[in-house]
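Student: What follows is a single structure, and I will ask about it in a moment.
The values are calculated or read from the model by the stated rules, or taken from the named source; none is laboratory data. What you see is a predicted model, and the numbers here were worked out from it, not measured in a lab. Here the Cβ positions follow ideal geometry from the backbone for every residue, glycine too, while neighbour counts run over all protein chains shown. These accessible areas exclude ligands, DNA and RNA; they are computed on the full protein's heavy atoms, side chains included. Shrake-Rupley method; radii C 1.70, N 1.55, O 1.52, S 1.80 Å.
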Amino acid sequence: MAEAAAIAAESLAGSKARAARTVLGQVVLPGEELLLPEQEDAEGPGGAGERLLRLNPGARSRVRVVCGPGLRRSGDRLLVTKCGRLRHKEPGGGGGGGGVYWVDSQQKRYVPVKGDHVIGIVTAKSGDIFKVDVGGSEPASLSYLAFEGATKRNRPNVQVGDLIYGQFLVANKDMEPEMVCIDSCGRANGMGVIGQDGLLFKVTLGLIRKLLAPDCEIIQEVGKLYPLEIVFGMNGRIWVKAKTIQQTLILANILEACEHMTTDQRKQIFSRLAES
């Protein structure tokens, strides 16, 4: 990792901007400026070309690029704000150089991102607003009207200390983060107050991303052990509930230890638990 960071530092010093497609999976450093292939250039007679990505509304490019964590829009430029490996996900239509770009990094403190589903703890109630601890630098605000079916007369039963599963509606560095427990259609869709029973524990942000991956085998293997209810928060919190307290503690210990296990070690543990 240190050698990769040194190579990235030398590249940053020698060149102001690098093509994003050539550094996918490599280490990028804060302050780097990325270049993305323009779709119009690729289709034109001049062949594929690279230029600064234009993100302003007046640009003619038809490439739609979504900036994830670790990347920041500054005018018509795309800048790196965190040290880590550059990742890319192709758009639904495929090709074209667009899609989602983000920086995969290991960090301890969670930084709220718009649209992220998180688990929070209600710490205070101020008028019509609940203050929710999400593990960030400041608590998030949650309105009592941000629940399914909530009105001025029909208020949700939320108390200090309750666990809330919701998503961020507002999250940027200049404003207080704001949470809601409804989707764009006004439905709860699984969000709201989490039950009193169960166990809440914290893991690393990297493990959460690993568990939420579509091809993650850990969750499939865990589901075969015991019947359970489980909630994942992008802020590194997991809530799990099984039939008994013993099963709940076993599941929590397994999920915490999976981050440092190999595939063979994990299969051995699951086979032992299945036999017992």
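Student: Using alpha carbon centroids, what distance separates the range 84-146 and the range 169-227, in Å?
Tutor: Using only Cα atoms, the two centres lie 11 Å from each other.
Student: Further question: Highest first, please rank the peptides 177-190, 216-229, 127-140 by the mean number of other Cβ atoms sitting within 10 Å of their residues.
Tutor: Top of the packing list down: 127-140, 177-190, 216-229.
Student: Below 8 Å, C-alpha to C-alpha, sequence gap of six or more: please give me the relative contact order for the range 199-275 in percent.
Tutor: Contact order relative to length: 34 percent.
Student: Between rounded, prolate and oblate, where does the range 199-275 land on the alpha carbon gyration tensor, with a ≥ b ≥ c its root eigenvalues, rounded for a/c under 1.5, else prolate if a/b exceeds b/c?
Tutor: oblate
Student: When the solvent-accessible surface of protein heavy atoms is calculated with a 1.4 angstrom probe, in what order do Met175, Met261, Met191 fall, highest first?
Tutor: These residues rank, largest area first, as Met175, Met261, Met191.
Student: Leaving out ligands and nucleic acids, and using a 1.4 Å probe, what accessible area per residue does the range 191-276 come to in Å²?
Tutor: 57
Student: Could you pull out every one of the lysines with an alpha carbon less than 30 Å from that of Lys202, ignoring same-chain neighbours closer than 8 positions?
Tutor: Lys82, Lys89, Lys108, Lys114, Lys125, Lys131, Lys173, Lys210, Lys224, Lys241, Lys243, Lys267
Student: For the pair Leu249/Asp215, report the inter-label distance in nm, with labels modelled 7 Å from Cα in the Cβ direction.
Tutor: 3.7
Student: Next question. Tell me, what HN-Hα J-couplings in whole Hz come from the Karplus equation 6.51 cos²θ - 1.76 cosθ + 1.60 at θ = phi - 60° for each residue of the range 132-139, using x for Gly and Pro?
Tutor: 10, 7, 10, x, x, 6, 8, x
Student: So what are the ³J(HN,Hα) numbers for the range 245-260, from phi and the Karplus equation (6.51, -1.76, 1.60; θ = phi - 60°), rounded to whole Hz, Gly and Pro as x?
Tutor: With coefficients 6.51, -1.76 and 1.60, one gets 5, 4, 5, 4, 5, 5, 5, 5, 5, 5, 5, 5, 7, 5, 5, 10 Hz.
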